1. Residue under question is residue 133, and the condition is that it be open to solvent by 90 Å² or more (accessible area, probe 1.4 Å) and either more than 17 Å from the chain's Cα centre (by Cα) or within 22 Å of residue 213 (Cα to Cα) (or both); does it hold?
2. Being modelled with pLDDT of 95 or more and assigned to a loop (DSSP other than H, G, I, E, B) is the filter here; which residues of segment 170-196 pass it?
3. Scan segment 194-226 for residues that are closer than 18 Å to residue 167 by Cα and open to solvent by 100 Å² or more (accessible area, probe 1.4 Å) and jot them down.
4. Please go through segment 203-221 and give me each residue that is over 27 Å from residue 185 (Cα atoms) and touching a residue at least 12 places away in the same chain (Cβ under 8 Å), ordered by number.
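The values are calculated or read from the model by the stated rules, or taken from the named source; none is laboratory data. Computed from a predicted model, the values in this text were never measured in an experiment. Note: ideal-geometry Cβ built from the backbone for every residue, glycine included; neighbour counts use all protein chains shown. Note: areas computed on protein heavy atoms with side chains; ligands, DNA, RNA excluded. Shrake-Rupley method; radii C 1.70, N 1.55, O 1.52, S 1.80 Å.
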Amino acid sequence: EALQLSSNIYMIKLAMMIGGQMTYEENDRLSIDNNTINIIRDYLAQFGLGTTTGIDLPVESAGFSPESDQLVSALDLSYGQFDLYTPLQLGQYAATIANGGIRYAPRLVKEIRGTDANGELGSVKSSNETEILNVVPIDEAAMERIHEGMRQVSHTLDGTARYLFMNYPIEVGSKTGTAEAFYSGPIQYAQNQPVTNATYVGFAPFDDPEIAISVVIPYLEEENWGRESTRVAHQVMNAYFEMQAETSETIET
């Protein structure tokens, strides 16, 4: 339900437990371990967040993990309001969850081929082998619980992606995000104005995933609920599965 409802409080309580604080009273002091933020970052990195993805490009961003000596920063991090991630990292994160915890390096190029004597596609000259970066040491039942939470995001009345996926013909695992931020783009008069960054990660079909995607739409109006990222994800899913259906019909014909 914490995933279904996108509960910040649930994630904050988890972060406190990771830091050794099991209870909290109103107006009490935060007394988590000083290293809590790094412990959480280590876990996130196993899924591809805050670290390089291993893509076959000479340079990539590892996102942004600011330094902080404030204990509360670990709580902010737990629900997505501190570190910054690239769309590629979010895509790898979604794929790692979808396949049960195996983090693969993304590939833009599968293989390079030559040309035969007739000018047609020739033999393989080199190939980009599949690379497993790490396997997340997570109990299978725990991963299934995460999957079910993401299914509920899409296909239950309280799910945050229900507006577009509730009655979708293919079951989808989703997680939406609406992060509070400040504008830092090219428009000078809008600098530092409060904005919302809308994000979505997901995979489908739920029982046998073929596609994992991430969507990031920055600089929306502050009061925006972030459905635009889910709308884009819906369009991407439509395009993918329509293409798959057309390909299947061609093969059968």
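1. On the way: open to solvent by 90 Å² or more (accessible area, probe 1.4 Å): no; either more than 17 Å from the chain's Cα centre (by Cα) or within 22 Å of residue 213 (Cα to Cα) (or both): yes.
No; evaluated as a whole, the condition is false for this residue.
2. 170, 171, 172 - these are the residues of segment 170-196 that are modelled with pLDDT of 95 or more and assigned to a loop (DSSP other than H, G, I, E, B).
3. Within segment 194-226, 207 is the sole residue that qualifies.
4. Going residue by residue through segment 203-221, those that are over 27 Å from residue 185 (Cα atoms) are 203-212.
Matches in segment 203-221: 203, 204, 205, 206, 207, 209, 210, 211, 212.
One line per residue, one yes/no per condition, for (1) under 15 Å from the mean Cα position of the chain (by Cα); (2) more than 18 Å from residue 149 (Cα to Cα); (3) part of a strand (DSSP E or B); (4) not aromatic (Phe, Trp, Tyr):
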| position | (1), (2), (3), (4) |
| --- | --- |
| 198 | yes, yes, yes, yes |
| 207 | no, no, no, yes |
| 217 | yes, yes, yes, yes |
| 237 | no, yes, no, yes |
| 242 | no, yes, no, yes |
